[in-house]
Structure formats: structure tokens, C-alpha cells
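Here is the structure we will look at, set down as C-alpha cells.
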Amino acid sequence: MDFLDRPTRNVFFTGKGGVGKTSTSCAVAVSLADAGNKVLLVSTDPASNLDEIFGLTLGTSTPTEISGVSGLSGLNVDPEAAAFEYKERVVGPFRGVLPDAAITAMEEQLAGACTVEIAAFDAFAKLIGDPKAVEGFDHVVFDTAPTGHTLRLLTLPTAWSGFIENSDAGTSCIGPLQGMMEQRELYEAAVAALADGKNTTLVLVSRPEQSSLDEAARTSEELSAIGVNNQELVLNGIFKARDESDPVARAMQAKGEAALAALPDALAKLSRSDVPLKSGQLIGVDALRKFLTPEDLPAAADVKPSVGQLDGLEVMLDDLASMENGVIMTMGKGGVGKTTVAAEIAVELARRGRKVLLTTTDPAAHVAAAVGDIPAGLEIDRIDPEAEVAIYRADVMATTGKNLDAAGRALLEEDLSSPCTEEIAVFQAFARTVDSATDRIVVMDTAPTGHTILLLDAAQAYHREVSRQAKAVPGAVLQLLPRLRDAAFTRIILCTLAEATPVHEAAALQDDLRRAEIEPYGWVVNQSLVPITVTDPVLTARRMQEVRYIDEVRGGLTKRMAVREWRAEPGLGVRKSAESAVA
């Protein structure tokens with residue numbers, strides 16, 4: 001990677017979930033530390049997996065030294081902890097000064113999911129905008145959240161500073177403006193640091209897959225639009241067949257080459273580094289040191305020879321087809337194929353005569369592309385944040401603002417200019433979509449794990465925010481949690497790959513859902529090599545390693561599992577059950 005020859009102080013990784021940005025950021029941090037630098041590795045991802053890669057628990061407020069790498073420390077920015085600290089910083093000075101009722105009102109204003117995101121950015125801004133916060137480190141490497149979340153973090157400083165600039169009142173949907181005003185210089189410094197090519201490198205990580213490259217290109221263009229042009233490109237998982245007699249290996253290589261041949265212009269102009277697909281797992285310091293080299297990672301030795309009988313998606317579909325109405329949601333880590341699985345389920349149910357709506361809450365929606373030819377009975381839609389904000393603003397101004405005087409309307413307009421409004425508007429659309437599943441089946445492709453959890457968590461806090469701006473809480477919102485908890489109405493399918501991090505993150509998501517009294521319906525292990533025959537040594541090694549994770553899912557994480565085989569093309573269609581033996 002050429003940018004490591006002259007590394008900037010800040011190195012910032014972003015990209016679609018599942019492309020390997022955590023692996024890349026960790027490997028770069030180890031490389032910089034091995035070169036004699038003091039390095040701080042930071043994750044601002046709500047679904048961070050730095051702990052798993054290094055095999056230790058990193059601190060959330062104080063950096064933790066990483067054993068085996070002299071000079072390297074790690075830090076996980078915990079959004080929930082950051083939110084608590086942020087709320088206390090805003091509310092704390094007023095305790096004992098204002099009446100209890102006023103304190104309670106302030107705390108309620110800070111109860112929504114938007115505050116969690118602002119607080120996470122607040123912690124991030126300190127690390128990049130305040131030199132004292134990272135004093136003693138030569139480099140700070142940021143492993144960030146999936147693309148949509150990262151872009152929100154990067155664009156929030158401008159949004160918030162504009163909101164502060166134009167505000168005349170003392171409160172907003174995130175509480176007293178003084179809490180933001182005190183941080184204004186810090187946020188502006190963070191924006192300046194991100195755009196400063198002498199001190200910051202923004203690394204886009206992608207895989208040689210068309211959807212991943214297209215999203216990276218959009219990210220590049222959107223970053224350029226906010227003044228961040230100091231970009232590099234890392235293409236991870238480049239595969240070259242070692243056994244050309246293996247049709248799967250040839251297909252996988254051809255698929256990657258075709259995607260790279262159509263590299264979007266926004267990416268083609270960037271300095272690029274290619275990382276080959278490795279046989280082994282990127283867990284532990286030794287593996288990280290080999291990641292940026294041509295050397296392969298050894299395949300795991302302790303694998304079982306067989307996983308026995310595996311059910312394909314058709315077994316799950318046979319059961320889902322018994323539904324007359326309700327919601328089917330695909331959830332999981334970004335990049336595990338939620339969109340493809342949702343599209344396949346929707347298409348198959350429509351072909352079986354069901355009335356189906358396929359939609360998404362993911363800002364990076366690809367559901368229409370995943371479907372191709374639309375069968376009779378299938379409707380495709382998506383929740384468009386910009387459109388939902390416009391609808392929400394107009395509705396609030398037409399109801400709550402209708403009888404206000406000029407000053408009151410101005411205050412309401414100000415409140416609605418906050419970035420929190422988008423969270424509320426999209427959430428209301430999500431609830432409305434679930435509500436529409438009373439006379440059809442709604443198949444919903446959801447956003448990556450962290451965003452989805454924030455969306456679901458908002459259910460309980462949301463009505464307080466709406467009732468502050470609007471006359472009443474919509475019935476769809478009031479019914480949302482009961483419907484999500486009703487296993488007969490809502491079927492949540494957790495999607496994963498047969499790899500360590502996606503499986504463990506899906507397990508953590510399942511725990512979060514169960515704490516919210518929502519029981520997942522089943523799991524889909526997507527893009528697996530286990531059900532098919534391969535002879536290429538890299539693919540054979542990766543196939544054997546998948547067995548342990550398929551067994552882990554089936555052995556204790558779920559009673560209903562489907563395995564969807566790797567395909568060269570995203571074409572839909574279910575396979576029959578097969579006996580899968582790993583040679």
C-alpha cells in the first residue's frame with residue numbers, strides 16, 4: 001500500500017459492511033506500529049469486532065495496549081456509553097438549579113437514537129479534532145462503521161454547525177443547544193482535519209464485486225462533495241484461480257475481473273492497492289502481519305470432515321409460504337447478503353401466489369437490482385429518507401404548526417431543521433410499512449446491524465419525540481413493538497456468512513433482539529462453498545473452515561437454518577437439499 005510509505009497522522013477506513021475494512025485497518029495499524037510508531041486504533045462502529053480479531057477486550061474510554069505489537073493501543077468508542085456521557089454533560093450542570101420537571105423534560109429530549117449517534121460522533125470528534133486527546137501517538141487509525149453510518153458521521157458536523165448557526169431558541173430535539181455550542185469549535189476542527197490531505201488519508205475499502213464497487217464510488221463522490229478528496233482505494237479479496245480445472249474457481253475469478261473491468265470512474269482515478277484472497281482467517285496478530293503481504297494464511301487444521309445434511313432455502317420457504325400476511329425481515333452484518341436473501345424470498349413467495357411487497361430501510365438499497373424480472377404479485381418499494389423527511393415536515397407544519405403564531409412557527413421550523421428529523425421520519429415510514437402487512441406479506445431488507453438496532457430501539461423512545469412535535473402518536477407506531485414481538489406476524493431471519501465475525505455478530509444481534517422480547521425465526525448462511533464441489537486449494541481451505549461455523553449456528557444458535565450456496569451470478573432460485581461432505 002503506497003500510502004504507508006508516507007503515512008499521514010490520521011488514517012480513516014470506510015466502506016460497505018463486510019468488505020474487510022476492519023481487517024485492513026487492523027493490519028495497517030499493526031504495520032505502522034511494527035515500523036516503530038506509536039499507534040492508536042479506534043473503532044466508531046456500533047458493531048465493532050476489534051476485540052475478536054485481537055482476542056482481548058479493548059477499553060471504551062481509555063486505550064488498551066495490544067499484546068504482541070509494541071506501540072499499538074486500541075479503543076472501542078461505545079455509542080451507548082458515549083450517549084450517557086454526552087447526556088450527563090448536557091444535563092448535569094442544571095441538576096439542582098432547574099426544577100425536577102425541567103430536568104425530566106431535558107432527559108426525555110435526549111432519549112432518542114439520534115442522541116446515540118451524535119454522542120458517538122462527539123467522541124470521534126475529540127480524537128480527530130483535539131490534538132490533546134491523542135497526545136503521545138504518532139498515528140490514529142480509524143475503523144469506521146458501514147458506509148451509510150460513516151457518511152452520516154462525516155456530514156453531521158456541517159449539519160449541526162448550520163443548525164447551531166441559525167438557532168435562536170434554547171432547545172432542540174437533542175436538548176439544550178449550549179451542549180452543542182460548547183463543542184462547536186471541536187466539530188469544526190474535526191471537519192477541517194478530515195479534509196486535510198497532509199494529516200488525513202481516507203481509505204475506501206471494497207471487494208471486486210459490482211455492488212460493493214458501486215457503493216464505494218458513491219461514497220467517494222459524497223465525500224468529495226463535503227470537501228474530503230484525500231482518498232485511497234483498497235480492493236480486498238482479489239481472487240486468482242490456482243486450479244483452472246475448477247469451474248467454481250474460474251467463475252469466481254471471472255466475476256471479479258468483470259467487476260474490476262467496469263470500475264467506476266470515481267474509483268479509477270484513485271491510488272489503488274490490491275489485497276489477494278487468503279486461505280485462512282484473519283484472527284490474531286500473526287495473521288494481521290501477513291495480510292498486507294503476498295504470503296497466504298494457513299488454513300485451519302481442526303475442522304470436521306462433514307456437516308451432514310443441509311437444508312436449502314426452499315425448506316424455509318415452504319413454511320413461510322403458509323403465511324397469509326405479516327412481515328419477513330432479513331437482518332445481519334452488512335455484506336452478508338441480506339438483500340439477496342430478501343429478494344429470493346419475495347420472488348419465490350410471489351411465484352407461489354402470495355401478494356408481496358419487497359422493501360428496504362437500508363440507505364444503500366439494492367433490492368430492485370437483486371430481483372431482476374418482477375413476477376406477478378410482487379411490488380418493490382423503498383423507504384427514501386429525503387422523501388420521508390419532506391412528508392414528515394409538511395405534516396407537522398400542517399398540524400402542529402397550523403394554529404401557531406409567526407414566532408411559534410419559526411421555532412417549529414427550526415426544530416425540524418435538525419438532523420434528528422430524518423431519524424424520526426424514516427422510523428415513522430418503517431412503522432407504516434410494518435402496519436401495511438395486514439393484507440399482504442411484506443419482505444423487508446433491513447440496514448446493517450448497528451443501524452437496525454438503533455431503528456428498533458427507537459420504538460420505545462420515539463413516541464416522546466413525536467408527541468413533542470405532533471398532536472398524537474400514529475397508530476402504526478403504537479402497534480409496532482407488539483407486532484415485532486408477535487412470532488405469528490413477524491419472522492426475522494438472521495443472515496450470515498460461514499465466517500467467524502459475521503456469525504458472532506449475528507449471535508450478538510440475536511441476543512439484542514431477545515432482550516427486546518423479539519425471537520428470530522431462523523438463520524440463513526449465505527454464499528457458502530460447503531454445498532458445492534471445489535478443487536482450487538484456496539477455495540478448498542476456505543470451504544473446510546466454513547464447516548465449524550455452520551456447525552456453530554446449527555449446534556446452539558438456532559433450530560432453523562438454511563444454507564445458500566455460492567453463486568457466480570446473483571440470479572434467484574432455490575436449490576434442493578443436499579448431503580454436504582467436505583473431503
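What trypsin sites (Lys or Arg not before Pro) in the range 196-253 are in a loop by DSSP, with at most 16 other Cβ atoms within 10 Å of the Cβ? Let's see the in-between values first.
Numbers: sites: 198, 218, 240, 242, 250; in loops: 198, 240, 242.
Those satisfying the criteria are 198, 240, 242.
Using only alpha-carbon positions, what ratio does the radius of gyration of the range 186-329 give when scaled by 2.2 N^0.38 Å? Walk me through the numbers on the way to the answer.
Numbers: Rg = 20.9 Å, N = 144, 2.2 N^0.38 = 14.5 Å.
Cα Rg divided by the expected 2.2 N^0.38 Å: 1.44.
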The range 318-378: Kirkwood hydrodynamic radius (Cα pairs, Å) comes out at 12.0 Å
With a 1.4 angstrom probe the carbon and sulfur portion of accessible area for the range 219-293, in percent, totals 50 percent
The answer for the range 1-112, accessible area per residue at 1.4 Å probe in Å², is 41 Å²
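Sorted by average packing, counted as other Cβ atoms within 10 angstrom per residue and highest first, what order do 499-507, 552-560 take? Mind showing how you got there, number by number?
On the way: 499-507: 22.0, 552-560: 15.0.
The most tightly packed comes first, giving 499-507, 552-560.
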Interchain or sequence-distant (5+) residues whose placed amide H lies within less than 5 Å of the amide H of residue 357 are 379, 441, 442, 443
Of 338-347, 130-139, ordering from highest average Cβ density within 10 Å down gives 338-347, 130-139
Heavy-atom accessible area per residue of the range 307-368, all protein chains kept, 1.4 Å probe, expressed in Å², is 27 Å²
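The values are calculated or read from the model by the stated rules, or taken from the named source; none is laboratory data. Keep in mind the model is a prediction, meaning the values are calculated, not measured. Backbone-built Cβ (ideal geometry, glycine too); neighbour counts: all protein chains shown. To get the accessible areas, we keep the full protein, side chains included, count just its heavy atoms, and leave off ligands, DNA and RNA. Shrake-Rupley method; radii C 1.70, N 1.55, O 1.52, S 1.80 Å.
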